[in-house]
1. Of all the accessible heavy-atom surface of the chain, with the other protein chains kept in place and a 1.4 Å probe, what percent is carbon and sulfur?
2. Rolling a 1.4 Å sphere over the protein heavy atoms, what is the accessible area per residue of the stretch 224-315, to the nearest Å²?
3. Per-residue ellipticity at 222 nm for the chain, helices alone: DSSP H runs ≥ 4 residues times -39500 (n - 2.57), over residue total, nearest 500 deg cm²/dmol?
4. Based solely on C-alpha atoms, express the radius of gyration and the Dmax of the stretch 1-85 in angstrom.
5. Give the Kirkwood hydrodynamic radius (Å, one decimal) of the stretch 264-322, defined as one over the mean of 1/r across all pairs of different Cα atoms.
6. Over the chain, what is the relative contact order in whole percent, taking alpha-carbon pairs under 8 Å and six or more residues apart?
7. Run the reach check for LYS72 against lysines, Cα to Cα strictly under 26 Å, same-chain hits fewer than 8 apart removed. What comes back?
8. Quick check: from the Cα gyration tensor, does the stretch 172-230 come out rounded (a/c under 1.5), prolate or oblate?
Amino acid sequence: MKRVLVLGATGSIGSSTVDILRTQKDRFICCGLTANSKKDELEKLSLEFNCPSSLTKQEGIEGIKKLIEKTKPDIVVNGIAGSSGLEPSMIVLEAGVDLALANKETVVMAGPLMFEAAKRSGSKILPVDSEHSAIFTLINQCGKENIDKIIITASGGPFRTFSREKLAYVTVSDALKHPTWDMGVKITIDSATLGNKGLEVIEAVRLFDVSASQVQVVVHPQSIIHSLVRTKDGIVYGQFSEPDMKHPILQALDWPKILSSSMKSFDLTDTADGTRTLTFEKPRFDDFPMLSLAFESAEKNGSYPIVFNASNEIAVQAFIDGKIGFLQIPECVSKVLHETDWSEAPRDLKDVYSADRLAREKAKAFLNS
């Protein structure tokens, strides 16, 4: 029986994790829960699972530390959204506990520091993003030494077929109409700009220790193939499943074993008419420049990934607040990335937060100019 602590239990990833724990009580014990602000919902979950909880809005990082000490989890699922998930991830790793990581910003902002912490403590980082979960599995099966290219699939978001002229007039409501995934507001808008896929590119470079040139993005609107790898002999291997985040979450919780589950098995012909079509296309880098900015940030390394993430968070929030248009999101990120030399790599979390803070200030200044 694995003891599981869920950070961000009332969010999208957290709710899916709680559903798994609710139906797999013979394999997992929910030993603790946290939420940012949904106090009533958190208290109900705490009562249901008979476990302690922490409202991080009131108790902050110290509350998470105390909960880890008290509950002694075997694995922690970090479903906290955005850059606020970084410090909790580091706390888990420093405590020597395995981390099931859905918070990609953690790796984007402080990947090298995280890996050092994990190495020191002996804890493992298990990716929960559907794409990186797929890559993790494929690399383990094919062997890292045999991999030539990592291929990350992207749905293309709600604006996949929109012209650049049409993109200038899209609204927040339009951006939230994702064709295949049900996610939080910020990540859904990131999916519309392809900024989320950009974050995944940086995450893949860092998680799997490859160069940016070894990563490719392919638009796959059906979201059935979650990622692929190409081996040195030119053969491509992919991971297929329905677009349900419970698959990668359960995979991380069960790792290194692959066990049966109550989830429906994938069938290529299990559709209304018995057929299924899978299509692929190149990303439109010119119309969705967030993706090229991410590749550039991954290639330059240093503090560029931190700046990409920070300026994007500011720009996306401004779009949500109705202060800027959709196309101003990549304009803001590009301006912040290119007006300063961000080549110095952070030595510790203090440096990470310093670069993050400066990038946010510059993003706000650009948007207010």
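1. 50 percent
2. Accessible area per residue, the stretch 224-315: 51 Å².
3. -15000 deg cm²/dmol
4. According to the Cα coordinates of the stretch 1-85, Rg and Dmax are 11.4, 34 Å.
5. Answer for the stretch 264-322: a Kirkwood hydrodynamic radius of 15.1 Å.
6. Computed over the chain, the figure is 15 percent.
7. Straight-line reach from LYS72, under 26 Å: LYS2, LYS25, LYS38, LYS39, LYS44, LYS57, LYS104, LYS119, LYS124, LYS246, LYS257.
8. Because a/c hits 1.5 or more and a/b exceeds b/c, the stretch 172-230 counts as prolate.
The values are calculated or read from the model by the stated rules, or taken from the named source; none is laboratory data. Remember, predicted model here, so these are calculated numbers, not experimental data. FYI the Cβ positions are ideal-geometry reconstructions off the backbone, even for glycines, and counts take in every protein chain you see. We work out accessible area using only protein heavy atoms, side chains counted, and drop any ligands, DNA or RNA first. Shrake-Rupley method; radii C 1.70, N 1.55, O 1.52, S 1.80 Å.
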